[in-house]
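The values are calculated or read from the model by the stated rules, or taken from the named source; none is laboratory data. Since this is a predicted model, take the numbers as computed values, not measurements. Cβ placement follows ideal geometry from the backbone for every residue including glycine, while neighbour counts extend to all protein chains displayed. Surface areas here come from the heavy atoms of the whole protein model, side chains and all, with no ligands, DNA or RNA. Shrake-Rupley method; radii C 1.70, N 1.55, O 1.52, S 1.80 Å.
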Amino acid sequence: RFMLSLYDNDFSKIPLTMTGIIRKELKKYISENYRDEKYKSISFKWWCEKISGMINDAETFCDLVRCFRGGEVEANFAEVNKIKTNVHHNDFDSSYIATLLSEKFACKQFRKCDVNEKMDLNNFQYIVKCKFENITSKKFFNFIPYEKCCKNINGFIIENGRVVHADDLTMTMCDVDFLTVKKFYDFDKCEILMLKKAKKEYLPKVLCEFIIKKYIEKYELKQQKKAGFDVEKQYQMTKQQLCSIYGMMITNSIRDDVEYDGEWKCEKN
């Protein structure tokens, strides 16, 4: 009922996902602001050209899909089922949003570069395909997901889907993950097989303004909720939309079609 009230009681107008909702709202915001006086120096054509300049070829798109991974939630297997005392933690409020506003991201096409080139992490982001030999995790932090390794991984030991040891493995990763692997694993050899880089920039101003707008909406609703107002549904909706801004950016829209024609069958190769 709440969703219907937002879309004129018309089921056909409700986007299928939360990322679809925020994507539609962002498009509207960009379209409206490009007609505003403060953005008269740029145009919708400029925006389309900018986005087109970020689109990579099919090979690089596949590399980016291989690079992508979710949040790090791996448990320390040496401490499982133990009761810990004097535990402290810090909660970084709206971490995704803070990162989107404060960090630079690849805003140009990725280009191949010399595998021996020294990485300039201040100005570029990288895609790295490398091969490790006799690699073993340090202590109890197993960072490498087995599913992200190429099929030719040999002599491996895994724990809960993470690589503890491998005689050799090859994988494609971003520069952040590459540095993390080097920090938390010991290995005999690391051979970079492919290196691509893209210029880093802050996200477009109009996008940052939209992110700030949604954060202010969430903050104000949170304050109203603390004051005793019945705004729980609106607050949860805005909170989910805020998180979905990041989800919208990493959605893989190019997928195989799977059709069910009424009967299942198994084909043996």
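Miscellaneous remarks
- Taking the accessible area of region 1-138, probe 1.4 Å, and keeping the other protein chains in place, the carbon and sulfur fraction comes to 53%.
- Dimensionless Rg/Rh of region 195-269 - Kirkwood Rh, Rg from C-alpha atoms: 1.26
- Look at the dipole of the chain built from charges on Cβ: of V73, T99, T136, the Cα furthest out on the positive end belongs to T99.
- Local electrostatic count, H165, Cβ distance below 14 Å [Lys/Arg +1, Asp/Glu -1]: -3
- Heavy-atom accessible surface of Y235, to the nearest 10 Å², is about 10 Å², with a 1.4 Å probe and all protein chains retained.
- Peptide ranges 198-207, 67-76, 108-117 listed from the most packed, as the mean C-beta count within 10 angstrom indicates: 198-207, 108-117, 67-76
- 222 nm mean residue ellipticity, helices alone, for the chain (DSSP H n ≥ 4; -39,500 (n - 2.57); rounded to 500): -11500 deg cm²/dmol
- Computed from label points 7 Å out along Cα-Cβ, the spacing between K112 and K82 is 4.8 nm.
- Of K104, K82, K139, the one that fluctuates the most in a GNM where the chain has Cα springs shorter than 10 Å: K82
- Contour excess over end-to-end distance, with Cα ends at A98 and K13 and 0.36 nm allotted per residue: 27.5 nm
- Calculated P(r) of region 46-140 - Cα pairs past 22 Å, %: 57 percent
- Separation in nanometres of the label points that stand 7 Å from Cα toward Cβ, at D167 and I216: 6.1 nm
- Build a GNM of the chain with springs between Cα atoms under 10 Å apart, and of S94, S12, S137 the one that fluctuates most is S12.
- Here the extension length gained between E232 and D57 equals 58.6 nm, from 0.36 nm per residue of separation less the Cα-Cα distance.
- Region 97-226 - Rg and Dmax from Cα coordinates, angstrom: 19.2, 57
- On Cα atoms only, tilt of 58-67 relative to the major axis of the chain in degrees: 80 degrees
- Shown here is the pair-distance distribution of the chain: with all Cα-Cα distances grouped in 5 Å bins from zero up to the longest one, the shares run 1, 4, 9, 11, 13, 13, 13, 12, 10, 7, 4, 2, 0 percent.
- Distance between the 7 Å Cα→Cβ label points at Y202 and N134: 4.8 nm.
- Degrees separating the helix 232-249 axis from the principal Cα axis of the chain, which is the longest one: 50 degrees
- A straight chain from R1 to E49 at 0.36 nm per residue would run longer than the Cα-Cα distance by 13.3 nm.
- For D168, residues with placed amide H under 5 Å, excluding near neighbours: N134, N154
- With Cα atoms, 0 to 90° folded angle of helix 18-33 axis to the chain main axis: 60 degrees
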